[in-house]
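The values are calculated or read from the model by the stated rules, or taken from the named source; none is laboratory data. Remember, predicted model here, so these are calculated numbers, not experimental data. Note: ideal-geometry Cβ built from the backbone for every residue, glycine included; neighbour counts use all protein chains shown.
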Amino acid sequence: MALFDNPLALIALVVLVLAIIAIGLIFIVQKKANNNTYLILGATDAGKTALFTRLRYNKKSPTITSMKENEATIQLVDDSGAAITKQPIQLVDVPGHERLRFRYADFMPIARGVIFVVDSTTVGRSARTTAEYLYDVLANQHTTKSRIPIIIACNKTDLFTALPTSKIQTLLEAEINRLRATRSAAVEQQESSGDAIADYLGYEGQDFKFEHLENDVTLIGCSVENGDLNSITEWIADLS
Amino acid sequence: MLDLCTVLTKGGYVLWQKNYTHINGAPVDALIRDVLIEERAGITSYNKDSYALKWTFLNEKELVFVIAYQSFLQLTYVDELLETTKRLFSTTFSEQLDSSDVVGGDYSSFDPLFDRAWKTLEEKYSKSKQKVPRKFEDTKKFENTLNGSKAKPAVKEPSVEDEIAKNIQAMNLAGSPRSGARGPGGRRNVKSPKGSPVPSPNMASDPAAGKKKKSQKVMRTWEGKVAKGEMEALDYSKKLDGQEHEDATLANAESLVDRSKMGNVVDGYYEVQDVDYGDEDEDDIFDEEDGELVSKPTAKSSGVFGFFKNLTGQREIDAATLEPVLQKMKTHLIDKNVASNISQHLCDSVQSSLLGKKLGTFGSVSTLVKDNMETALKRILTPKTSVDILRDIEQAKARSRAYSITFIGVNGVGKSTNLSKVCFWLLQNNYRVLIAACDTFRSGAVEQLRVHARNLKALQSSHSVGEVELFERGYGKDAAGIAQDAITYANNNDFDVVLIDTAGRMQDNEPLMRSLAKLVAVNNPDKIIFVGEALVGNEAVDQLTKFNQALKDFSGLQNPRHIDGMILTKFDTIDDKVGAALSMTYTTGQPIYFVGTGQTYTDLKNLKVSHVVQSLLKN
């Protein structure tokens with residue numbers, strides 16, 4: 001207790017503690033500010049690379065199944081050419097092939113937002129595989145911890161076989177509802193001590209809804225083909 | 001004759017493309033999905049529908065060049081055309097490719113360049129192939145005619161006769177001394193002391209020995225003479241005069257004996273030198289410094305610039321640099337129990353994706369290879385289909401039918417044991433499970449399952465919905481029939497899952513493989529799960545390919561089934577030699593559903609990809 005009797009030592013201690021807290025705060029704020037990476041995820045043939053090209057070059061380009069991520073730092077502009085974000089954003093297009101998509105997890109810690117692209121014309125048939133990927137993204141520990149907002153971009157609305165956004169929402173919610181039951185019952189991973197159980201998505205005892213999640217999940221329709229991407233750019237502008 | 005030529009980036013952009021006809025389907029997409037992503041880039045061509053595809057990488061710029069043509073055409077120039085295209089493209093657009101914005105560039109001006117290159121190559125190859133019919137005068141037949149024999153080319157004849165004459169001379173020379181040499185020394189063998197070429201001290205003191213030595217000396221010159229004669233006859237080059245001849249002969253004969261390897265003469269006995277193993281190089285070649293290996297090829301670049309380039313610049317990776325590192329990686333993988341041909345394929349694939357890449361100043365080749373191998377392994381081990389069996393069962397339940405899983409494999413790998421583990425897991429999730437005992441061959445197999453069923457029943461708490469029942473029909477009956485009965489029984493009695501246990505069989509046993517294919521063809525189970533030991537090495541590939549082949553060949557179906565996934569058993573016994581997991585997933589392209597890690601019902605785990613990759617790359 002002799003230490004606290006000396007007022008000088010006490011002051012020094014307080015100053016030290018304050019300094020540490022200040023440094024910590026600055027660090028956290030800076031880190032938050034640096035998180036300006038947006039991920040483009042989704043199954044193969046959903047239109048991720050095409051969306052990436054649209055956002056970056058504002059043009060159409062023939063694409064093929066990706067084998068590697070595409071990354072770029074871009075400044076999004078509105079129709080009048082004015083910048084809509086304070087600073088340029090980092091855009092990453094992750095291949096959608098089942099064997100390659102594991103790479104998305106490496107980007108999750110620095111993600112500011114996730115654009116999950118869905119093919120509106122085929123989602124009726126591929127609801128399960130799409131929902132499995134979406135489930136993995138939603139249940140990712142970084143998504144839940146830093147509440148990364150997710151926009152589900154229902155692409156290819158220009159085609160007449162495209163399902164309406166509300167229909168896609170019900171499809172995906174129903175699938176995730178089933179998945180969270182089977183996933184939580186799955187055999188545990190080897191080498192795991194049993195405490196690493198993934199968070200249960202939504203509320204127990206209720207059917208799964210996107211609004212039950214702690215992070216924002218929005219569904220919008222878009223068409224990369226026609227350049228109808230305003231809802232996505234607005235969403236990005238709101239976040240940055 | 002080409003259908004399509006295209007230049008792609010690995011990110012998925014088509015930089016330049018030329019179609020010559022309408023393309024059916026998407027062969028290039030199929031190539032990427034089936035070959036390039038699956039780390040099978042070690043192979044050189046790929047057939048899809050009616051197309052044959054060939055490709056090459058420009059790793060430095062992350063580009064892929066693909067050419068597609070009708071597979072019935074035998075185009076020999078495609079490989080060369082690919083290389084030419086690659087060279088042309090990278091030189092023509094070097095600025096655009098070097099800029100950070102590769103995709104934004106305009107590459108449409110490549111059309112005429114490519115067409116020209118193609119035309120040139122096509123002409124070159126058609127020319128070299130062209131066959132002009134021989135003139136009658138050149139044929140053998142003509143020689144046999146009267147005119148022909150008269151008009152025999154004057155130039156050729158003497159040379160042939162010369163040769164014959166020379167050969168006869170040589171034969172005479174070689175033959176005559178042999179007949180004369182049937183004397184005392186004729187058959188003397190080298191080991192005999194008196195025939196020793198090096199005179200020993202005690203030999204020299206003995207006059208008789210000296211005499212013999214003399215005669216022997218004569219023999220040696222005589223032998224030399226033979227050689228000389230032979231040489232003369234067989235020497236078709238310039239003539240030498242006498243003295244030079246002698247010298248040449250001596251030198252020649254001398255060259256037949258390596259003095260340093262000559263044996264010693266001990267007590268008049270000529271002892272052949274011991275086998276020399278040379279200085280054993282104890283150093284492990286793989287321990288060599290990577291830096292040294294890398295700098296070797298670049299060391300040639302001279303001058304100050306070369307020095308700075310070495311110091312700061314980027315170095316291009318070539319095959320010579322990669323070879324030792326990949327060799328080391330391959331043996332490392334084999335040490336981890338990966339099948340040897342699979343580790344070879346993987347190394348080839350990694351090599352093809354690294355050649356031509358630039359290496360940073362402080363990067364070492366081995367870390368680069370290791371990183372690349374890690375991604376490759378992750379890709380292979382990551383399942384490409386859903387492994388959520390419970391979700392599948394739910395789907396079947398919604399259609400009010402039982403979901404059937406067949407366990408197949410060789411003898412003694414743990415089919416029944418792991419079946420009961422899976423059963424335990426399903427019971428925990430409140431499913432009603434029927435176990436079909438279709439091993440009607442091995443005595444005790446049914447009893448084994450009965451014990452498991454009894455245990456599992458005992459483990460069930462009273463209020464749980466899950467239920468297990470054993471469906472048995474004794475021994476010696478047809479397994480396919482029992483499985484069929486079991487599935488019908490399950491559908492009628494509201495069971496959710498049918499687990500079909502089959503008899504273990506060796507992959508080479510054709511009658512048993514036929515009966516397995518029949519079981520699968522008749523019952524069409526939802527999942528065919530191959531149970532394999534984690535202990536197995538090269539054999540894993542053989543087992544899986546033969547089981548798959550049997551399911552395909554003996555089914556008699558239009559769309560035969562194949563193995564849908566694997567269970568890797570005895571995983572707790574292998575420490576970090578987890579190569580079997582890689583061999584199996586690479587061979588089938590199917591996921592590993594579970595790993596068996598112990599003796600109890602709860603010892604069933606999901607394979608953790610990162611853990612396997614770590615174990616494989618760990619030293």
Pick from the range A:87-97, criterion without any contact (Cβ under 8 Å) to a residue 60 or more places away in the chain and part of a loop (DSSP other than H, G, I, E, B), ranking: nearest to the other protein chains (Cβ to nearest Cβ): A:H97
Subset of the range B:372-388 [of a type outside the set (S, T, Y) and either without any contact (Cβ under 8 Å) to a residue 12 or more places away in the chain or within 8 Å of chain A (Cβ to nearest Cβ) (or both)]: B:K378, B:R379, B:I380, B:P383, B:K384, B:D388
Among the listed residues A:A131, A:A127, A:A111, identify the single one that is surrounded by fewer than 22 Cβ atoms within 10 Å (Cβ to Cβ), closer than 19 Å to A:V217 by Cβ, in contact with a Leu (Cβ under 7 Å, 6 or more places away or on another chain) and not hydroxyl-bearing (S, T, Y). A:A127
Give me the strands (runs of 3 or more DSSP E) completely within the range B:423-525, filtered to those with at least 1 residues that are touching an Asp or Glu at 6+ places or on another chain (Cβ under 7 Å) and polar (S, T, N, Q), ordered by residue number. B:497-502
The number of residues in the range B:568-619 that are among the charged types (D, E, K, R), at positive phi and surrounded by fewer than 19 Cβ atoms within 10 Å (Cβ to Cβ) is 1
Please determine whether any residue of the range A:198-214 is closer than 23 Å to B:Y593 by Cβ, within 14 Å of chain B (Cβ to nearest Cβ), in contact with a Ser or Thr (Cβ under 9 Å, 6 or more places away or on another chain) and modelled with pLDDT of 90 or more. no
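So that you can scan it fast, the table gives a plain yes or no per residue for (1) outside any helix (DSSP H, G or I); (2) in contact with an Asp or Glu (Cβ under 8 Å, 6 or more places away or on another chain); (3) buried (at least 17 other Cβ atoms within 10 Å of the Cβ):
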{"position": "A:T161", "(1), (2), (3)": "yes, no, no"}
{"position": "A:K167", "(1), (2), (3)": "no, no, no"}
{"position": "A:E204", "(1), (2), (3)": "yes, no, no"}
{"position": "A:I232", "(1), (2), (3)": "no, no, yes"}
{"position": "A:I236", "(1), (2), (3)": "no, no, yes"}
Here is a list of conditions, (1) within 17 Å of A:R99 (Cβ to Cβ); (2) within 10 Å of chain A (Cβ to nearest Cβ), and B:Y13 meets all of them except one; can you say which number that is? (1)
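Listed here are the residues, each with its yes/no results for (1) outside any loop (DSSP other than H, G, I, E, B); (2) β-branched (V, I, T); (3) in contact with a helix residue (DSSP H, G or I) (Cβ under 7 Å, 6 or more places away or on another chain).
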{"position": "B:I334", "(1), (2), (3)": "yes, yes, yes"}
{"position": "B:S343", "(1), (2), (3)": "yes, no, yes"}
{"position": "B:S353", "(1), (2), (3)": "yes, no, yes"}
{"position": "B:G356", "(1), (2), (3)": "no, no, no"}
{"position": "B:G363", "(1), (2), (3)": "no, no, no"}
{"position": "B:V369", "(1), (2), (3)": "yes, yes, yes"}
{"position": "B:A376", "(1), (2), (3)": "yes, no, yes"}
I'd like to know if the range B:403-416 contains one or more residues that are part of a helix (DSSP H, G or I) and either of a type in the set (K, R) or at negative phi (or both). yes
Here are the criteria: (1) crowded, with 17+ Cβ neighbours inside 10 Å; (2) among the hydroxyl-bearing types (S, T, Y); (3) more than 11 Å from every other protein chain (Cβ to nearest Cβ); (4) closer than 22 Å to B:A117 by Cβ. Tell me which single one B:Y20 does not satisfy. (1)
For B:I67, the lone unmet condition from (1) away from every other protein chain (no Cβ under 13 Å); (2) in contact with an Asp or Glu (Cβ under 8 Å, 6 or more places away or on another chain); (3) within 17 Å of A:I64 (Cα to Cα) is (2)
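So that you can scan it fast, the table gives a plain yes or no per residue for (1) part of a strand (DSSP E or B); (2) within 25 Å of B:L36 (Cα to Cα); (3) at the interface with another protein chain (Cβ under 8 Å from one of its Cβ atoms):
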position: A:T65; (1), (2), (3): no, yes, yes
position: A:E71; (1), (2), (3): yes, yes, no
position: A:F102; (1), (2), (3): no, yes, yes
position: A:V123; (1), (2), (3): no, no, no
B:V541, sole failed condition from (1) in a helix (DSSP H, G or I); (2) of a type outside the set (D, E); (3) more than 24 Å from the chain's Cα centre (by Cα); (4) surrounded by fewer than 22 Cβ atoms within 10 Å (Cβ to Cβ): (3)
Taking B:S100 as meeting all but one of (1) exposed (fewer than 14 other Cβ atoms within 10 Å of the Cβ); (2) within 27 Å of the chain's Cα centre (by Cα); (3) within 12 Å of chain A (Cβ to nearest Cβ), write down the number of the exception. (2)
Residue check: is B:T91 away from chain A (no Cβ under 13 Å), loosely packed, with under 15 Cβ neighbours inside 10 Å, among the polar types (S, T, N, Q) and more than 16 Å from B:K10 (Cα to Cα)? yes
Meets criteria (at pLDDT 85 or above and within 12 Å of another protein chain (Cβ to nearest Cβ)) for B:V78: no
So which residues in the range A:73-103 are among the hydrophobic types (A, V, I, L, M, F, W, C) and under 20 Å from A:L41 (Cα atoms)? A:I74, A:L76, A:I89, A:L91, A:V92, A:V94, A:L100, A:F102
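In the list B:G444, B:G412, which residue meets the criterion of being touching a residue at least 40 places away in the same chain (Cβ under 8 Å) and surrounded by fewer than 23 Cβ atoms within 10 Å (Cβ to Cβ)?
B:G412 is the lone residue from the list that is touching a residue at least 40 places away in the same chain (Cβ under 8 Å) and surrounded by fewer than 23 Cβ atoms within 10 Å (Cβ to Cβ).
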Considering (1) at the interface with chain B (Cβ under 10 Å from one of its Cβ atoms); (2) in contact with an Asp or Glu (Cβ under 9 Å, 6 or more places away or on another chain), say which one A:I84 fails and leave the rest. (1)
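Would it be correct to say that A:D119 is surrounded by fewer than 19 Cβ atoms within 10 Å (Cβ to Cβ), farther than 30 Å from B:S615 by Cα and in contact (Cβ under 8 Å) with a residue 60 or more places away in the chain?
no
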Residue count, the range B:564-597, condition farther than 17 Å from B:I529 by Cα and within 11 Å of another protein chain (Cβ to nearest Cβ), comes to 3
Within the range A:77-107, the count of residues that are of a type in the set (A, V, I, L, M) and buried (at least 19 other Cβ atoms within 10 Å of the Cβ) comes to 5
Hey, can you tell me all the residues within the range A:39-63 that are part of a strand (DSSP E or B) and in contact with an Asp or Glu (Cβ under 7 Å, 6 or more places away or on another chain)? A:I40
Filter the range B:449-463 for residues that are surrounded by 12 or more Cβ atoms within 10 Å (Cβ to Cβ) and either outside the structural domain of B:T502 (by TED's automatic domain parsing) or of a type outside the set (A, V, I, L, M) (or both); the one that is nearest to B:G414 (Cα to Cα) is B:H452
Please verify whether B:V497 is surrounded by fewer than 19 Cβ atoms within 10 Å (Cβ to Cβ), of a type in the set (V, I, T), under 42 Å from the mean Cα position of the chain (by Cα) and closer than 29 Å to B:R399 by Cα, treating the condition exactly as stated. no
